[in-house]
Amino acid sequence: MNTSPPADPDRDSEVPVTVEQAGITGLKCRRCGLIDYPWQTFGCQQCGAYGTDLAVVSLSGHGQALTTVVDFDREGRPAGASASVLLDEGPFFETRLRPPTPLSVSPAAVRAVSEPGEATVHFEIVAGGAS
Amino acid sequence: MTAFGSQHRPVYVIGVGLHRFQPMSDVSFVQLGLTAVREALDDAGIGWPEVQSVYTGTTRLGMAVSRPMLRHLGVTGVAMTQVENASASSSSAFRLAVRDVAGGFSDVALAMGVDKPARIGRAEALTGVEYPNAGLTPAMHYALLAEDYKLRFGATDEGIARVAVKNHRNGSLNPMAHRQKARSLEEILGDRPIVGSLTRLQCCPVGEGGSAAIVASEEALDRLGIDRSRTVRVLASAQRSEELYGTRSFDAELTRSTTAEALEEAGKEPSDLDVIELHDAFAIEELQYVEAMGLSPEGAAAIDLEAGDYDIGGRCAVNPSGGLLAMGHPIGPTGVAQIAEITRQLRAEAGARQQTGARVGAAHMVGVGAVCIVHILERVQEDPR
């Protein structure tokens, strides 16, 4: 991937100071062993177990962006980015990436981050980060 | 578990009709739907009172769509049901109409679709669970699949864009298509970028339109004096929903299992398919789906496409209508419009888009949720009586 969203002049290759690395909460099914993300109480999507069969698990928030793409506004300018993410513990999903996200050759290391004091989790490519 | 087969009654498509797929206009959805239904009734040569059940695929028009349209055909008290299944809404409507007839609940059933552009949300956003794909559009999802396909198989942007070249060319031959202009590879690749390598012309237009197909039992053919040489038999109706596939494309894997089920039910092989209408909302999908259906080995679809295998006149014409990329994708009517195109192809009534000698065809749709529906249709050779 050689296309990047607009550069942020205040951003360098260091960890951004406005967010903090976040652990994320998933579930482990005690019946079939599936590890899933995000946490929910409705039931295991592999075997249908629910209630006490669902255990809360802390996930590292680390994984790989297997593919990444930039999306464009109506003027053809890069506007954001998305990735397919495989977490180290197994869950796989697609997600918007926290801007600005420098994109590099896939796969790239990815991590979960959150704004201080906020519960919402975002994912971003780890700076410099081919995995 | 088959939807229907030797233990159920044979089902035939006896009439099809369309309102052109087009950009949003002032035309009422009532007129969009009625135009399609009246054409289908005329095509079948039957009157509205003969229709015993109706299934209407729609996604954006609100509750109870059927009656405000169909009351203008006259009072019959016919059973009316709305069907929402995202992109596959009228594919499901067709499936329900087919099962109605196959099961002996109706002798004549109408499947239709109608929609106009409007904002609508997805139920997944209301679950209360913060799924990480919030804000991800279909174009972003399929652009990620395109990147994955290129990484896995060494495909190129040009190879993917040739799907759009073919389908825009087919659309230029279709007076019912939303887009009716042939485009060069350079035009496709040089068009406005949307996401990743997908340009605007590699993404389907979402507008408005109407579609209708009437299905009937053999008893109805006899009773109504239907010309059997213009009927098309429905050999299979398969529908499945998403399973867990790890990092593989769920759209392709779901297509693989659903198509296999439909082909088995029909007693056909992938090589038996002469014509296919499939869900090419984004160009990358066509390559993945013809591979999943068993028409090309994995990673080889772009090569086969460039060789002309999927052109009209090739070994299997794929999306001769122009597909979703050119015919358009007004959502509700799209699935039944595929049935209309396959029916016309198998009757040898497709004009400039005709796949010569077409005997067996397939219609394929996927819908968010995620569902996949595949119907297999076959030309009726001669009067079996």
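What tally of residues in the range B:141-169 results from selecting those that are among the polar types (S, T, N, Q) and in contact with a helix residue (DSSP H, G or I) (Cβ under 6 Å, 6 or more places away or on another chain)?
Matching residues across the range B:141-169 total 1.
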The range B:94-124: number of residues that are away from chain A (no Cβ under 14 Å), touching a Phe, Trp or Tyr at 6+ places or on another chain (Cβ under 8 Å), over 26 Å from B:Leu32 (Cβ atoms) and not aliphatic (A, V, I, L, M): 1
Condition check: modelled with pLDDT of 95 or more, farther than 26 Å from B:Ala125 by Cβ and part of a loop (DSSP other than H, G, I, E, B). Does A:Cys32 satisfy that? yes
The range A:65-79, residues that are assigned to a loop (DSSP other than H, G, I, E, B) and touching a residue at least 40 places away in the same chain (Cβ under 8 Å): A:Arg77
Sole miss for B:Thr127 among (1) among the β-branched types (Val, Ile, Thr); (2) within 14 Å of another protein chain (Cβ to nearest Cβ); (3) within 30 Å of B:Glu218 (Cα to Cα) is condition (3)
Give me a count of the residues in the range A:36-53 that are touching a strand residue (DSSP E or B) at 6+ places or on another chain (Cβ under 7 Å) and either more than 13 Å from chain B (Cβ to nearest Cβ) or among the basic types (Lys, Arg) (or both). 2
Taking the condition touching a Pro at 6+ places or on another chain (Cβ under 6 Å), farther than 30 Å from A:Leu97 by Cβ, among the β-branched types (Val, Ile, Thr) and away from chain A (no Cβ under 14 Å), does B:Thr81 pass? no
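Looking at the range B:178-200, which of its residues are within 14 Å of chain A (Cβ to nearest Cβ), part of a helix (DSSP H, G or I) and of a type outside the set (Gly, Ala, Ser)?
Of everything in the range B:178-200, those that are within 14 Å of chain A (Cβ to nearest Cβ), part of a helix (DSSP H, G or I) and of a type outside the set (Gly, Ala, Ser) turn out to be B:Leu189, B:Arg200.
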State yes or no: is B:Asp148 assigned to a helix (DSSP H, G or I), within 14 Å of chain A (Cβ to nearest Cβ), surrounded by 17 or more Cβ atoms within 10 Å (Cβ to Cβ) and not basic (Lys, Arg)? yes
Unmet criterion (only one of (1) within 26 Å of B:Val371 (Cβ to Cβ); (2) surrounded by fewer than 19 Cβ atoms within 10 Å (Cβ to Cβ); (3) more than 14 Å from chain A (Cβ to nearest Cβ); (4) in contact with an Asp or Glu (Cβ under 8 Å, 6 or more places away or on another chain)) for B:Glu219: (1)
For B:Ala164, are the conditions met, namely being crowded, with 24+ Cβ neighbours inside 10 Å, assigned to a helix (DSSP H, G or I) and away from chain A (no Cβ under 14 Å)? yes
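The values are calculated or read from the model by the stated rules, or taken from the named source; none is laboratory data. The structure presented is a predicted model; accordingly, all values stated were derived computationally and were not measured. With ideal geometry, Cβ positions are generated from the backbone for all residues, glycine too; neighbour counts draw on all protein chains shown.
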